[in-house]
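Here's the structure, in structure tokens; my notes come after.
The values are calculated or read from the model by the stated rules, or taken from the named source; none is laboratory data. Source: prediction; values computed, not measured. Cβ placement follows ideal geometry from the backbone for every residue including glycine, while neighbour counts extend to all protein chains displayed. Surface accessibility is based on the protein's heavy atoms, side chains included, excluding ligands, DNA and RNA. Shrake-Rupley method; radii C 1.70, N 1.55, O 1.52, S 1.80 Å.
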Amino acid sequence: MGPPNNATPGLRLLRPPTVVGQFHTLFFGSVRMFFLGVLGFAVYGNEALHFSCEPDKREVNLFCYNQFRPITPQVFWALQLVTVLVPGAIFHLYAACRSIAQEDILQRPAYTVFYILSVLLRIILEVVAFWLQSQLFGFHVNPLYRCDAGALDKKFNITRCMVPEHFEKTIFLIAMYTFTVITIMLCIAEIFEILHRRLGFLNSQ
């Protein structure tokens, strides 16, 4: 019976110590992953196949598509989700190794500061991802893309390419920007909540 009791504090830390954190991780984070996994594949899954240029040759289409998409949006957003989860994962791993209970995060200043720093790092990573997304994909997808195919063949020079489902991609881009902004706001709210609860604990003492 001893080992299960010793493992209890680590298991309890699978949930964040704040209400906002639990909402962000268990609900909003799940919705974000579902949105990216299901709708993202539906919108971007066959983009390379339907990306066509003039002349409609396979090598020109591939060359211009690689120029149009240095990194595919699905890969970028998957990396973003994984990256922003790292600070929280490090904290929970540390807490599990040290057998820290959720109550200890509010009661011990060192743990409170450590947790707040992990949330602040998450905010920074989300801001960086927002900026990178704006640089890579912009805020609007145009139906036509002008590709410089001169490096492939001198006779092609500047060629026009059709971007499939550009309106749907614009909507999806705005949705992903919105998810990032909401995540940042939830992280800020989580910091305020844990500071408020920390002050409430000190006052009760």
| For Rg/Rh (Cα atoms, Kirkwood Rh), which listed value, (i) 1.00; (ii) 1.35; (iii) 1.15, comes from the coordinates shown? | (iii)
| Taking a Cβ-Cβ separation under 4.7 Å as the criterion for a possible partner, which cysteines of the chain have none? | 97, 187
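Could you state the accessible area per residue of the chain in Å², with a 1.4 Å probe and every protein chain left in place? Walk me through the numbers on the way to the answer.
Values: 11860 Å² over 205 residues.
That works out to 58 Å² per residue.
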| request: For the stretch 53-170, calculate the relative contact order in percent as a whole number, restricting contacts to Cα pairs under 8 Å that are 6 or more residues apart. | output: 32
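How would you rank 120-127, 46-53, highest first, on the average number of other Cβ atoms within 10 Å across their residues? Numbers along the way, then the final one.
Values: 120-127: 17.4, 46-53: 15.5.
Output ranking for 120-127, 46-53: 120-127, 46-53.
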| Considering the chain as a Gaussian network with a 10 Å cut-off on Cα pairs, which listed residue, 29, 138, 150, attains the greatest mean-square fluctuation? | 150
